[in-house]
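The values are calculated or read from the model by the stated rules, or taken from the named source; none is laboratory data. What you are looking at is a predicted structure, and each value in this text was computed from that prediction instead of being measured. For neighbour counting, all protein chains shown are included, and Cβ atoms are generated from backbone atoms with ideal geometry for every residue, glycine included.
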Amino acid sequence: MVILRSNKRTGEEADRNTLPKKQEVHLITGGGGYAGFWLGRNLAARGHSVILVDVREPIWTLKENMKFLACDLTNREMVTSLFTDVDCVYHMASYGMSGREQLNRRRIEAVNVGGTENVIQACKTNDVTRLVYTSTYNVIFGGQTINDGDESLPYLPLNKQPDHYSRTKSIAEQKVLKADGRKTDSGNTLHTCALRLAAVYGPGEQRHIPRIVDYIEKGLFSIIYETDTLQDFLHVENLAQAHELAGKALTKDKSYVAAGQAYFVSDDAPINTFSFFGPLITGLGYPMPSIRLPISVIYFVAFLTEWLHYLISYVYNFQPLLTRTEVYKTGVTHTFSIKKAGEQLGYRPTIQNDISKVIQHYINTGHKKHTEKEASSIVHWIVNIIIGALIAMLIMSFLPIVK
């Protein structure tokens, strides 16, 4: 059962942030998703009252002190009605991160920009004084090499953003940080910050890893590229820690140290993407990818796939094997320092590039390769050879003819 405190307001922010409270109310947009639910579970375990807000209900069982409310963030009236009596909001909801969703520009704009505007307005209307925004590396990274970057780097210009998701996340982050210091309707001050996350993983993750496992099982995960590049990853437990610390760092007790600030958050252990997922591939009983192609070839194929999706999506909304964004995020070095998050928030990752529980999760759910599948793997190998040959012929067709 969720216990909500009284709606009485003192109008004195200093008193509000220092008076002892038996239970705070924390609201998480996107709480029906993997990362949002994990954060909510951790907050509830610490005695907070947690409200999960999403368009879809969590597939996991709610813990004590957790409550789910269905809401589309593009509906301002609905959003405003749910933010009553809330101490801290974690705005984690977004749309268009990967796969076919990346190509739905209208919905991406509505959720990531319009939804964020509605969240900011709901905080002001309901006198919420703490707002933590879940952002992404993509507000800075757009395919260029970055080694150990930090928060002093400028935003990637919007006209250079390679996909609409990244563009709208950048717009939304800037709106949230600009809202820091604004007065609420009751005269208190709204404090905001943003956490720029690396690629999230963990046991039960619902978005990226299931696609990878599906490709592995279908024999489609046999092409490898750029094995000498480095990327950052973020375990969901570290993600939850960073959000909780950020929420605390927006209080008077912490001198509002995070107010108006952005922070990069990762496991702080850069690694090549194929090396990171190698234990998952072999752990499920499959061979490592054997076909090596230049990243430019993969990028070109992704480009053609996106155009094909654009042309036929109204008839058949298929799942692209890869998008251009996914190609450069896995094939171009981009790593960022967590020094600022460590110094100002006290963030210390407790897990680093450990996917052992992810592997065990898929073994437990029946994804371990069995000997009877050996024959089908030979078929997949032949198919991959054919695909590789077709790609090569396609590329060669664009080359000039030597006379």
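Specify the residue that is surrounded by the most Cβ atoms within 10 Å (Cβ to Cβ); the eligible residues are those in the stretch 175-201 that are among the aliphatic types (A, V, I, L, M) and assigned to a loop (DSSP other than H, G, I, E, B). Here the answer is A198. Count of the stretch 267-294 residues, restricted to those that are of a type in the set (G, A, S), part of a helix (DSSP H, G or I) and either farther than 28 Å from T145 by Cα or free of Cβ contacts under 8 Å to residues at least 40 places away in the same chain (or both), is 2. Touching a residue at least 12 places away in the same chain (Cβ under 8 Å) and assigned to a helix (DSSP H, G or I), is that true of V86? It is false that V86 is touching a residue at least 12 places away in the same chain (Cβ under 8 Å) and assigned to a helix (DSSP H, G or I). Only residues that are in a strand (DSSP E or B), aliphatic (A, V, I, L, M) and surrounded by 21 or more Cβ atoms within 10 Å (Cβ to Cβ) were counted across the stretch 111-164, and they come to 2. Only one of the numbered conditions (1) more than 25 Å from I146 (Cβ to Cβ); (2) in contact with an Asp or Glu (Cβ under 6 Å, 6 or more places away or on another chain) is violated by G260, and that is (1).
I'd like to know if the stretch 76-85 contains one or more residues that are surrounded by fewer than 23 Cβ atoms within 10 Å (Cβ to Cβ), under 22 Å from the mean Cα position of the chain (by Cα) and under 25 Å from Y256 (Cβ atoms). No, every residue in the stretch 76-85 fails to be surrounded by fewer than 23 Cβ atoms within 10 Å (Cβ to Cβ), under 22 Å from the mean Cα position of the chain (by Cα) and under 25 Å from Y256 (Cβ atoms).
Go through I351, I359, I386 for me and flag whichever is at pLDDT below 85 and not small (G, A, S).
Working: I351 fails: at pLDDT below 85; I359 fails: at pLDDT below 85.
Being at pLDDT below 85 and not small (G, A, S) holds for just one of I351, I359, I386, which is I386.
From the set of residues in the stretch 214-239 that are part of a helix (DSSP H, G or I) and crowded, with 20+ Cβ neighbours inside 10 Å, which is modelled with the lowest pLDDT? The qualifying residue modelled with the lowest pLDDT is I216.
Would you check which residues across the stretch 249-260 are in contact with a Lys or Arg (Cβ under 8 Å, 6 or more places away or on another chain) and under 22 Å from T136 (Cβ atoms) and list them?
First, the residues of the stretch 249-260 that are in contact with a Lys or Arg (Cβ under 8 Å, 6 or more places away or on another chain): 250-251, 254.
The one that is in contact with a Lys or Arg (Cβ under 8 Å, 6 or more places away or on another chain) and under 22 Å from T136 (Cβ atoms): L250.
Test G36 against the stated conditions and say whether it is touching a His at 6+ places or on another chain (Cβ under 9 Å) and within 24 Å of A242 (Cα to Cα). The answer is no for G36.
Counting only residues that are closer than 29 Å to R130 by Cβ and either free of Cβ contacts under 8 Å to residues at least 60 places away in the same chain or among the small types (G, A, S) (or both), how many does the stretch 166-221 have? Selection size over the stretch 166-221: 18.
In the stretch 172-212, of all residues being under 30 Å from I355 (Cα atoms) and among the charged types (D, E, K, R), the one that is modelled with the lowest pLDDT corresponds to R207.
Residue-wise test of (1) modelled with pLDDT under 95; (2) over 19 Å from the mean Cα position of the chain (by Cα); (3) surrounded by 17 or more Cβ atoms within 10 Å (Cβ to Cβ); (4) small (G, A, S).
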position: A258; (1), (2), (3), (4): no, yes, yes, yes
position: I271; (1), (2), (3), (4): no, no, yes, no
position: F277; (1), (2), (3), (4): yes, no, yes, no
position: P289; (1), (2), (3), (4): yes, yes, yes, no
position: Y310; (1), (2), (3), (4): yes, yes, no, no
position: E326; (1), (2), (3), (4): yes, no, yes, no
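Condition test on F264, is it crowded, with 21+ Cβ neighbours inside 10 Å, of a type in the set (A, V, I, L, M, F, W, C) and assigned to a loop (DSSP other than H, G, I, E, B)? So F264 fails the test.
Is at least one residue of the stretch 73-89 of a type outside the set (D, E), touching a Lys or Arg at 6+ places or on another chain (Cβ under 9 Å), closer than 22 Å to L177 by Cα and at pLDDT below 95? No, the conditions are met nowhere in the stretch 73-89. Counting the residues of the stretch 105-124 that are aliphatic (A, V, I, L, M), touching a residue at least 60 places away in the same chain (Cβ under 8 Å) and closer than 15 Å to D54 by Cα gives 1.
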